[in-house]
Amino acid sequence: LRVNGVLTHLSLHSIDGHAAWANSEALRRVPKLPKSDPQGGRIVRDPETGEPTGVFTDTAMRLFAARVPRPSRNESLSALRLALARLSRHGLTAIHDPGIGLEEVPLLKELIDEGAFPLRSYAMVLANGNELGERLATPSTPKIRDYKGRLSVQAVKFFVDGALGSRGAAMLQNYSDAPLERGQLRVREEDFKKAAKEWAGAGWQLAAHAIGDRANRLVLDAYEAACESGGSGSGAPDLRLRIEHFQVVNASDLPRVRQPGERHGGGSACILASMQPTHATSDMAFAEERLGRERLRGAYAWQSVLDTGAAALPFGSDWPTVGVVPPLLGIYAAVTREDLRGQPEGGWLAQQCVSRAQALRGYTADAAFAAFKEASLGQIADGFLADFVAFDRDILDEQSVPDRDIWQSAVLATYSGGEPAWQHACWRRRGDGGDRGRGGGGGQSGLAALRACVEGERARSPPLESTLERLQRLSAAHGD
């Protein structure tokens, strides 16, 4: 790549954070690469010459991460403001942020102090996986219980394996479409088991990224040991140790996610699966070819997790990596297991679909439970914080809102602590009295006017695109 005639070094990261590409000039500036792959990563090499192609996965990205310029403080704050605005617009009142460097905490506090943080964040500090140079935490890192009602930092994030797309997910058997590969663990088994006990003993909630069935088995083994060592005569402690993704699981391991705590009858757990519905609809195009039909029995298995009697099944988006922001897209995926065109009709592995009520619970009450916030968040009820969202239709009403329309529901307003964090233009006009002359004063006629206003705005907006469609459109616009 040349810019103004000068050879320029360049590196690009995949959207899921598990792979990167560096051009030849960037490779030239990196110290001599090792002959073998690092633990938990891969240097992709030309099969004929053995030379690096420039593609690195997972921990191998660290080999040149130190040379990638970090964003400035102002750039980071600007990006954070843009992200927060987008989250509120899509109806999020609280997020779980699984994987921040310690350097990000002051930025979050700064916006909270300014009154410019319109939601609540349950953040998880990184213990490993610092491919982008983040500052890592240790068990002695001070926790933040509840900073001004907006920020909690009492959980830690581990990366145990890579991603399915780059075949970095650690599998018990080789990939069906790559018979010589089975992914890799990003941490040694004995190291992770020791770390799980140490962090749990220091009072931290653990959240471990695990995609492949080998990685999920390791996490279950480590968590069960932590539960047993931290329990009392009445049972396991209420640690709520999270497995982030729990994506491809050996069918024999699925029941192990139901690990009750000491107060299980009143709502507690030692192990939780934390899953992302849109992973199924984004991966269904290649998952069977990659895994084979048999391994799909325990893949993206939301209903199977519920059938074990798990205390909760929190849902999320995995944004800004492979997921999408709007929770409505996740609810739609959880209920239908179809893409936005309604394919495949009837849903992919449809036996794993969940009810609308369960999908909504996954994004509200169960998510609050996974963050130890079930007494104040996740419900609209007396004594709870006034965080809520107004939609233009009742997504739980199957008679008036067919499945295909769930994701097309519009967020009219997002409230945090009883104050508006974001309002649709049509909602604001209604509040100002702009629609009253057309029956916008309230009741069904007011809702009908709101819907008409929203549909008019939507007709003037560009259609929702997938990442692939967006890339194809941009490529065509540039003549590529």
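The values are calculated or read from the model by the stated rules, or taken from the named source; none is laboratory data. Since this is a predicted model, take the numbers as computed values, not measurements. With ideal geometry, Cβ positions are generated from the backbone for all residues, glycine too; neighbour counts draw on all protein chains shown. Areas reflect the complete protein model, heavy atoms only, side chains present, ligands, DNA and RNA absent. Shrake-Rupley method; radii C 1.70, N 1.55, O 1.52, S 1.80 Å.
Could you tell me the ratio Rg/Rh of the stretch 71-153? Both radii from Cα atoms, Rh via Kirkwood. Reported Rg/Rh, Kirkwood definition of Rh: 0.95. Between residue 12 and residue 448, the FRET efficiency from the beta-carbon distance, with R0 = 45 Å, is close to 0.40.
Taking Cβ separations below 4.7 Å as the criterion for a possible disulfide partner, the isolated cysteines in the chain are 353. Taking a cut-off of 17 Å, what percent of all Cα-Cα pairs in the stretch 38-184 are separated by more than that? Tail of P(r) above 17 Å: 69 percent of Cα pairs. What the chain shows is 48 Å² of accessible area per residue, with the surface traced by a 1.4 Å probe over protein heavy atoms.
Using just its DSSP H runs of length 4 or more, each adding -39500 (n - 2.57), the chain gives a mean residue ellipticity at 222 nm of -8500 deg cm²/dmol after division by all residues. Computed over neighbours whose Cβ is under 14 Å from that of residue 79, the net charge equals -1, Lys and Arg +1, Asp and Glu -1. Placing +1 on each Lys and Arg Cβ and -1 on each Asp and Glu Cβ, with no other charges, gives the chain a dipole about its Cα centre of roughly 880 debye. Descending by average beta-carbon neighbour count within 10 Å, the peptides 415-422, 271-278 line up as 271-278, 415-422, the highest first.
Global dimensions of the stretch 108-171 from alpha-carbon coordinates: Rg and Dmax equal 15.0, 46 Å. Which entries of 157/373; 32/157; 109/157; 197/373; 32/197; 143/194 have Cα-Cα distances beyond 29 Å here? Result: 32/157; 32/197 exceed 29 Å.
For the pair the stretch 147-198 and the stretch 362-378, the centres of their Cα atoms are 24 angstrom apart. Semi-axes of the equivalent ellipsoid of the stretch 284-337 are 20, 18, 10 Å, computed as sqrt(5λ) over the eigenvalues of the C-alpha gyration tensor in descending order. Can you work out the FRET efficiency for the pair residue 66 and residue 382, with r the C-beta to C-beta distance and R0 = 35 Å, to the nearest 0.05? Given R0 = 35 Å and the Cβ-Cβ separation, E is 0.10. Relative to its Kirkwood radius, the Cα radius of gyration of the stretch 1-118 gives an Rg/Rh of 1.08. Subtracting the Cα-Cα distance of residue 75 and residue 143 from 0.36 nm times their residue separation leaves 21.9 nm of extension gain. Modelled label positions at residue 303 and residue 51, each set 7 Å beyond Cα in the direction of Cβ, lie 5.3 nm from each other. Listed peptides 71-80, 160-169 appear in the order 160-169, 71-80 once ranked by packing, highest mean of other Cβ atoms within 10 Å at the front.
The fraction of accessible area contributed by carbon and sulfur in the stretch 167-217 is 44 percent, rounded to a whole number (1.4 Å probe; ligands and nucleic acids excluded).
If you sort 48, 189, 398 by accessible surface, 1.4 Å probe, largest first, the order is 48, 398, 189.
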